[in-house]
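Below is one structure; the comments refer to it alone.
What follows draws every value from the coordinates through simple rules; no lab data is involved. Treat the numbers as computed from the prediction; the structure is a model and nothing was measured. Note that each Cβ is placed from the backbone with ideal geometry, even for glycine, and that neighbours are counted across all protein chains shown.
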Amino acid sequence: MAEDCDKPENSAENGGNDRLASTGRRGVLMLGAVAASSVVTIRPALASTAASVLNCKIPIPDPPHGGKYITTDGKLVAPNTQGAFAPAPRPVTGDEARKMINGQSPAGFDPNARQAYVNYIRRLQHGTSGFTCYASLQMPGR
Amino acid sequence: MRYAADPPAARLTIALDELVAIYHRPSGATHLLAPPAPELLDALAEGPADAPTLLARLSRQFDLPDADPQAIAARMEELVIAGLAWRA
């Protein structure tokens, strides 16, 4: 770990995986009890940061799949598929996504499509438009 | 349950004695991690994995006196809640 302190960018590129292999010795790693805790998140105190999270946008679907319909479980299917819902008329903001996840239906969106949209958002993967916005909403306390 | 994480380049990592401070570039959030959380993120650099696979990856580098997939899953759920990993 000490190497990380001196060369953080190098360690990021190497993934930190080399550091133990290069030392040639095995460390002891305790996994801890199931109920233990090992992560503390430091939330940015800047109000503007919170605002940007709530105003970030999630297109449904993401632009490469524009026009596709969304099934209730959040999968993308061909346009006009029976039982699936039309794309959201405009990108969902972080604030609106949070309301949808909490069971509300923000103005401008088909209330019947809410569950499909929520499940689509939950299935977002890294690299998909809107993922970072959703990931930011997951930060504790948001 | 399989887990995945951003590539290591998405994180800026600083060792703080026993703890590791991680700045997660995509979300702009900073996290303080105690073992084995940083090691789990490193283990995910090889690709998405479930708890037994993560256990196997860690055991290549570490002696694990309390090897328990349930403990791995508990640690991973913390990383998911923090936004550093997700269920794949």
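Between B:Ala73 and B:Ala88, what is the spin-label point distance in nm, taking each point 7 Å from the Cα along the Cα→C-beta axis?
1.8
Quickly work out the A:Lys75-to-B:Arg2 label distance, labels modelled 7 Å from Cα along the C-beta direction, and quote it in nm with one decimal.
Those two pseudo-labels are separated by 1.6 nm.
Percent of alpha carbon pairs in the stretch A:65-108 separated by more than 15 Å?
Value for the stretch A:65-108 (Cα pairs over 15 Å): 48 percent.
With θ set to phi - 60°, apply the Karplus curve 6.51 cos²θ - 1.76 cosθ + 1.60 along the stretch B:44-55 and write out the HN-Hα couplings as whole Hz, x wherever there is a Gly or Pro.
Calculated HN-Hα couplings, in order: 6, 4, 6, x, x, 7, 8, 4, x, 5, 4, 4 Hz.
Which of A:Val40, A:Val28, A:Val92, A:Val34 comes first, and how do the rest follow, when ranked by fewest Cβ neighbours within 10 Å? Don't skip to the answer; put the middle values down first.
On the way: A:Val40 16, A:Val28 9, A:Val92 27, A:Val34 13.
Going from least to most buried by this count: A:Val28, A:Val34, A:Val40, A:Val92.
Regarding the stretch B:2-87, what whole-number volume in Å³ per residue does the convex hull of its Cα atoms give?
Measuring per residue, one finds 86 Å³ for the Cα hull of the stretch B:2-87.
Mind sorting A:Val39, A:Val77 by how few other Cβ atoms lie within 10 Å of their own Cβ, fewest first?
Going from least to most buried by this count: A:Val77, A:Val39.
Taking neighbour Cβ counts within 10 Å as the exposure measure, how do B:Met76, A:Met30 sort from fewest upward?
A:Met30, B:Met76
Pop the C-beta distance of A:Val34 and B:Arg25 into the FRET formula with R0 = 30 Å and round what comes out to the nearest 0.05. Please report the intermediate quantities before stating the final value.
Working: r = 30 Å, r/R0 = 1.01.
The computed FRET efficiency comes out at 0.50.
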